[in-house]
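> Submitted below is the structure of interest, expressed as structure tokens.
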Number of protein chains: 2
Amino acid sequence: MASFCVLDEFEVHKNEEFLRIAEELKPELHEREIRPLSMVKVEKNEDGDTFVTDEKAQDTLKYRVFKKDESVILDFGTHYVGYLTLNLASAGSHQDAPAYIYVRFAERLDELTENTEEYTGWISKGWFQEEYIHVDVLPARLELPRRYAFRYLEIKVLDVSLKFSLVINDISVKAVSAVNDENIQLIKSDDAILRKIDEVSIRTLKNCMQFVFEDGPKRDRRMWLGDFRLQARANYRTFRNMSMVKRCLYLFGGLTFNEGKIPACLFLEPEIEPDDTYLFDYALLFGSVLLDYYRATKDQKTLEDLYPIAIRQIEIGLTYLNEDGIIPDRSGQFWCFVDWGDGLNTQAASLAILIYSMRYGIRLAEYMKDDKTIHWLTEKMEELKRSAVDHFWDGEQKLFVSGEERQVSWATQVWMILARVFDKEKNRELIIHTIEVNPEHSMVSPYMYHHYIDALIRSGERERALEEIKNYWGGMIKDHADTFWELYNPHNKYESPYGSVAINSFCHAWSCTPTYFLRKFYISEFE
Amino acid sequence: MASFCVLDEFEVHKNEEFLRIAEELKPELHEREIRPLSMVKVEKNEDGDTFVTDEKAQDTLKYRVFKKDESVILDFGTHYVGYLTLNLASAGSHQDAPAYIYVRFAERLDELTENTEEYTGWISKGWFQEEYIHVDVLPARLELPRRYAFRYLEIKVLDVSLKFSLVINDISVKAVSAVNDENIQLIKSDDAILRKIDEVSIRTLKNCMQFVFEDGPKRDRRMWLGDFRLQARANYRTFRNMSMVKRCLYLFGGLTFNEGKIPACLFLEPEIEPDDTYLFDYALLFGSVLLDYYRATKDQKTLEDLYPIAIRQIEIGLTYLNEDGIIPDRSGQFWCFVDWGDGLNTQAASLAILIYSMRYGIRLAEYMKDDKTIHWLTEKMEELKRSAVDHFWDGEQKLFVSGEERQVSWATQVWMILARVFDKEKNRELIIHTIEVNPEHSMVSPYMYHHYIDALIRSGERERALEEIKNYWGGMIKDHADTFWELYNPHNKYESPYGSVAINSFCHAWSCTPTYFLRKFYISEFE
């Protein structure tokens, strides 16, 4: 299913003062020169997995000459975001034709065995990181202008001529990020997989931190509010780049639309602009980002500037309630994200997220000493908790249901727990019962898994949460993740919401939160 | 058959003084801004011909929006050489994915219906004028860095996204040439086809005149001595850009190799360098270029500088003679060009070209008052004329034969006539007899046709020569030539020495000489 939103009457309200504050906080990027570590050969096996069949030191590369249809795959050792420079030359007679080359960048080995021409998914194939390049004059220093996210680089000679061959004298990458991980200490666990999860989380976060918190440096390359919220949480426990969180808060606050809604995502170029996409849950979670930021910084000015916008999102959210005190079902639209996964009914979760956001609103109002708001929000929140139970609790199944067809999903239970519709003990029973029942509508995205882990911890299931982190994010590591992925369904390794796993993003912001959990809730164990 | 030469022990002798003279004569290019005239649709019919099925004014282009897989073909009205700038924008929601476009430049309509991926010829497919381009940020002013030769431009949207479309706001080309044709008067013939032949010849020459006399601005893009000789002849009758001829003479003279041989071609970038290709006939014809130049300019200094090099080529040519006083057959190698065409035996023609070059050498020696050279060259030339007749004249067939299998070809007769092995009357009989017999090994390239026309005129067959110009070059015009082609075999329209007609060059220097013939030999008729 193609999931996108186009708003017909989309009127952006720019707050120039907020945008000025954001612009002043635009970071200088750190740059680091990287070279490939080795040359590899890959193959796809019968299960569809791609693996390395041969590996050689890359220092012999410059002695190779490439004729037509010859290629090489370079391995940079781990995931980077940056700009490629190739130093190319010719061997044999004088170059008498353009050297025509194909380059492909891959975050994962699987992308290297994918035929991009066969892709028929609904998002643009322009996202495949591949280029066809004519080099008219050799030797040449070829600085590719576009930015890529990758660990592997394939260079294929589509043609040279019978008189000359291509020589690759040097390959370098200017890797970029707004942060530097040199001073980040990894956790001191005895458990290698936890140390690795921490490391990969931090690399994921780092590679997504560019001029803003991007969602994925390979694909999308913009800032989604839902991802930003989780990135900021991981950032407080690692890089502590407070000014970037502030910058992004002001960007969202400075680019509202129509009734004051916060857009689900912002584009960065040619200038920062909102997407005409409203996601009910993302907009409501703005208050959560603001609260996290305030707690991390005590930055009263930012709280005061943005508090009205956070509260406004709740007010707007409440306008969607019907007379029964629930949100009508809009699961067929790209309107309340919750999770990827075909057929997920989001009606109950959308109410839960509204309730959740109200609790954050109350906390913000407390810091603002805004008693009036505390009062009405509290009253309304309790009312909605009751209608959540009245409409969606199935006493027989002991699970929440959603939509007309009374769908039972993991997502619904998780958000009802996070909304604290029940007390902690009942939430604990609910999450354990959910695990036992294992509803068919499972979780797909690390974004949803983040909320599941959060729900476990908040219900007192700390140990189980740690196990699930190890299972889920550890599963990606077993599948050779250098950075955590946009999508990971342990039950369907090749799941993609876009029609091909090769177009998935394999360094994706919303997947970086294990480091947040480990460092916030388990830190005493690692000291 | 792949036709190329690689010399193993290739040692370039640079004459820095000559190269300095050449460098000082490097022209400034004239630039002109061009825009497309119309949008066309094309189709291929059962005969394999591509034709226009629909044409619209291009001024409606900017109102069109392009979704995935939509394309447009722009017609610039005639052939240009230059640099493309596209002004692109988006329509719909904010651009949320790279716009991925394909552009293809075509000198002829046929190139637009060719699938370049199916090309398996022996020269580089890098010569196809096509690019795959990702445009990350719209609006964009896209200045393509490479130079193209074309009349038609196809732009195809490979992908955008479901949220936005591509808009093409403006397309412009900076057309370049070392010369300006504004002051060139076309011939005043009543015959429309002759006027058109003159016009197309001049455009061909103009578009090949860049920093040197290039052979083809689409493909090869270098200076071949054989093409240069014909270009210079056409130039004396049209643009009269003497300094460019001088520049190119000094370049060849300044870049000899091994025993002092002149290379068959020069590369222009990254700096001017000779190709490691020796073509026996091309090297010998250097003296002919020098003589033409001296007669056009009376530039004594250039004659004195380059005369020894011209004579040296003849001396080298003579070293290839065997004890029978003929050149051994090397038709299997790319050693003596003569013409394209599979299976052409060049043994007899190579001797004829040696004799021809000696006559030019004698004329040069006369201008140099070098009696010693006049003497030995004359003596040797007469000796070789006798061995040409002894070895290659077939008295029964009344035709020259070539090679062990005694092949009869047009090329052999033409070059024997130009070598003046016989007197004018016998030459006239020979060319008429050749026309009657019509040997199976016909002529393929306009380069060879040039020499055929020359042979007709020199044999007194002026009217027939004019008819043949109208038939041959007029044939290309009937096939919609805006510039004359590298290859034109009236008996096989889709002949290519490279494996596909789409990779042929359709603006090719050696094809520009009708304007030379018309203006040199027929000018009184046009006044």
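Derivation of every value follows stated rules applied to the coordinates shown; laboratory data play no part. Everything numeric here is computed off the predicted structure, so don't read it as measured data. Note that each Cβ is placed from the backbone with ideal geometry, even for glycine, and that neighbours are counted across all protein chains shown.
> Quote the charge dipole size of region B:30-176 about the Cα centre in Debye, to the nearest 20; the model charges only the Cβ of Lys and Arg (+1) and of Asp and Glu (-1).
Magnitude of the dipole: close to 600 debye.
> B:Ser90's amide H: which non-local residues (gap 5+, or another chain) put their own amide H closer than 5 Å, with H modeled 1.01 Å from N in plane and none for Pro or chain starts?
Sorted by chain and number, the residues that satisfy this are B:Val167.
> Under a straight-distance cross-link criterion of Cα-Cα below 18 Å, which lysines are reachable from A:Lys163, leaving out those fewer than 8 residues away in the same chain?
Candidates past the 8-residue exclusion: A:Lys67, A:Lys68, B:Lys125.
> About the Cα centre of region B:1-65, how large is the charge dipole given +1 on each Lys and Arg Cβ and -1 on each Asp and Glu Cβ? Please answer in debye to the nearest 20.
Dipole size: approximately 620 debye.
> So what is the diffusion coefficient of region A:388-527 in µm² per second by Stokes-Einstein at 4 °C and 1.567 mPa s, using a Kirkwood Rh over Cα pairs?
Diffusion coefficient, whole number: 81 µm²/s.
> For chain A, what is Rg from Cα atoms divided by 2.2 N^0.38 Å, rounded to two decimals?
1.03
> Where the label is 7 Å out from Cα toward Cβ, how close does A:Val389 come to the same position in every other copy, in nm, shortest first?
When each copy's label point is compared with this one, the spacings are 12.3 nm.
> Where a ≥ b ≥ c are the square roots of the eigenvalues of the C-alpha gyration tensor, would you call region A:167-298 rounded, which needs a/c under 1.5, or, failing that, prolate if a/b is larger than b/c, or oblate?
It is oblate, given that a/c is not under 1.5 and a/b is not larger than b/c.
> Continuing with the same structure: Return the calculated 222 nm mean residue ellipticity for the protein assembly as shown, to the nearest 500 deg cm²/dmol, obtained by summing -39500 (n - 2.57) across DSSP H runs with n ≥ 4 and dividing by the residue count.
Calculated mean residue ellipticity at 222 nm is -11500 deg cm²/dmol.
> Quick check of the Kirkwood formula: for region A:250-329, what is the inverse mean of 1/r over all pairs of different Cα atoms, in Å?
About 13.5 Å, per the Kirkwood formula over Cα pairs.
> Bin width 5 Å, alpha-carbon pairs only: give the P(r) of region B:134-184 as whole percents, running from 0 to the bin holding the largest distance.
In order of increasing distance, the bins hold 4, 10, 23, 21, 15, 10, 7, 5, 3, 2, 0 percent.
> Compute the Kirkwood hydrodynamic radius of region B:30-98, taking the inverse of the mean of 1/r over all pairs of distinct Cα atoms, and give it in Å to one decimal.
Taking every pair of different Cα atoms in region B:30-98, averaging 1/r and inverting gives 14.8 Å.
> Right, something else. Can you order the peptides A:390-396, A:169-175, B:450-456 by their average number of other Cβ atoms within 10 Å per residue, highest first?
The packing order, highest mean first, is B:450-456, A:169-175, A:390-396.
> Now for a separate question. Based on the Cα gyration tensor of region B:308-447, what are the three equivalent ellipsoid semi-axes, each the root of five times an eigenvalue, rounded to whole Å and given largest first?
26, 17, 14
> Distances from B:Thr297 to the same residue in each other copy, label points 7 Å out along Cα→Cβ, in nm, shortest first?
7.2
> Taking the number of other C-beta atoms within 10 Å as the exposure measure, put A:Ser124, A:Ser402, B:Ser288 in order starting with the fewest.
Neighbour counts put them in this order, fewest first: B:Ser288, A:Ser124, A:Ser402.
> Provide an ascending nm list, one decimal, of label-point separations from A:Leu29 to the equivalent residue in each further copy; define each label point as 7 Å from Cα along Cα→Cβ.
Label-point distances to the other copies, shortest first: 3.2 nm.
> Can you compute the radius of gyration and Dmax for region B:443-521, using only the Cα atoms, both in Å?
12.4, 38
> Over region A:30-177, what is the relative contact order in percent, taking alpha-carbon pairs closer than 8 angstrom and at least six residues apart?
Here the relative contact order equals 42 percent.
> Using all alpha carbons of region B:188-233, what is the percent of pairwise distances in each 10 Å bin, ordered from the shortest bin to the longest?
In whole percents, the pair-distance histogram is 28, 45, 22, 6.
> Which residue in chain B puts its Cβ closest to the axis that rotates chain B onto chain A, and at what distance in whole Å?
B:Tyr132, 2
> Moving on. Give me the Å³ per residue figure for the convex hull around the C-alpha atoms of the protein assembly as shown.
Spelled out: Cα convex hull of the protein assembly as shown, divided by residues, is 195 Å³.
> Now for a separate question. I'd like to verify something in chain A: which complete DSSP H helices, judged by Cα projection on the helix axis, reach 15 Å or more and average at least -0.5 on the Kyte-Doolittle scale?
What comes out of the filter, once short or polar helices are dropped, is A:192-208, A:242-254, A:286-297, A:300-319, A:347-367, A:446-458.
> Along each of its three principal axes, how wide is the spread of alpha-carbon positions in region B:30-176, in whole angstrom units, largest first?
If we take the Cα atoms of region B:30-176, the spans are 44, 37, 31 Å.
> May I ask you to derive the relative contact order of chain A, considering only C-alpha pairs under 8 Å and at least 6 residues apart, and to give it as an integer percent?
Once divided by the residue count of chain A, the mean separation gives 18 percent.
> Would you mind ranking B:Glu468, B:Glu31 by Cβ crowding within 10 Å, fewest neighbours first?
By the 10 Å Cβ count, ascending: B:Glu31, B:Glu468.
> If you take the charge dipole of the protein assembly as shown about its Cα centre, with +1 on Lys and Arg Cβ and -1 on Asp and Glu Cβ, which of B:Ile171, B:His134, B:Cys5 is farthest toward its positive end?
Selected residue: B:Ile171.
> Now for a separate question. Give me A:Lys188, B:Lys380 ranked fewest to most by other Cβ atoms within 10 Å of their Cβ, as a rough exposure proxy.
A:Lys188, B:Lys380
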